[in-house]
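In what follows, a structure is listed as structure tokens, so that the remarks can point back to it.
The values are calculated or read from the model by the stated rules, or taken from the named source; none is laboratory data. Everything numeric here is computed off the predicted structure, so don't read it as measured data. Don't worry about glycine lacking a Cβ; one is built from the backbone with ideal geometry, like all the others, and counts go over all protein chains shown. These accessible areas exclude ligands, DNA and RNA; they are computed on the full protein's heavy atoms, side chains included. Shrake-Rupley method; radii C 1.70, N 1.55, O 1.52, S 1.80 Å.
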Amino acid sequence: QNDDVDWTFWLRKIAISGSAIEHAPESIRNDRQIVLEAVTQKGVVLRSASEGLRNDKAVVMAAVRNQGHSLEYASDRLKNDREVARKAVKQNWFAIKYVSKELTNDIEIVIEAVKQDARAFK
């Protein structure tokens, strides 16, 4: 933790509103505990997380559990992770748009999307 940044202040602020992370300093956006708190509340704030945390499976799973389409902000490696992709699509069929090309042919992932909306098949 950076001594120049009030970690407790940011943790409290993000506990109230996950969106607050979008205005946080880089050291906070790189803090795993704080980012997990934020994406659990609002998955799409994954876009404000550090590159390393957008490649952290637990962080991305928390984000897609909350908002499947937050998969858009995950690393390419995790967009190609079957478990992550399936969880994202199960939460929101539209997330299939962000799944890796390889996984868009995965029958289980396609079925999860089509169960919600037949437009996912297009």
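So that you can scan it fast, the table gives a plain yes or no per residue for (1) modelled with pLDDT of 95 or more; (2) at negative phi; (3) of a type in the set (Phe, Trp, Tyr):
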{"position": "Ser70", "(1), (2), (3)": "yes, yes, no"}
{"position": "Ala74", "(1), (2), (3)": "yes, yes, no"}
{"position": "Arg77", "(1), (2), (3)": "yes, yes, no"}
{"position": "Asn80", "(1), (2), (3)": "yes, yes, no"}
{"position": "Val84", "(1), (2), (3)": "yes, yes, no"}
{"position": "Lys87", "(1), (2), (3)": "yes, yes, no"}
{"position": "Trp93", "(1), (2), (3)": "no, yes, yes"}
{"position": "Thr104", "(1), (2), (3)": "no, yes, no"}
{"position": "Ile109", "(1), (2), (3)": "no, yes, no"}
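Restricting the stretch 66-101 to residues that are surrounded by fewer than 18 Cβ atoms within 10 Å (Cβ to Cβ) and among the basic types (Lys, Arg) leaves a set whose member that is farthest from the chain's Cα centre (by Cα) is Lys101. Taking the criterion of being open to solvent by 30 Å² or more (accessible area, probe 1.4 Å) and either hydroxyl-bearing (Ser, Thr, Tyr) or within 12 Å of the chain's Cα centre (by Cα) (or both), the residues of the stretch 20-41 that qualify are Ser27, Leu36, Glu37, Thr40, Gln41. Within the stretch 42-53, being assigned to a helix (DSSP H, G or I) and open to solvent by 70 Å² or more (accessible area, probe 1.4 Å) holds for one residue alone: Arg47.
Report yes if some residue within the stretch 47-64 is under 19 Å from Asp117 (Cβ atoms) and modelled with pLDDT of 95 or more; otherwise report no. The answer is yes; a qualifying residue exists.
Take the conditions (1) more than 27 Å from Lys101 (Cα to Cα); (2) in contact with a helix residue (DSSP H, G or I) (Cβ under 9 Å, 6 or more places away or on another chain); Ser50 misses just one of them, which is (1).
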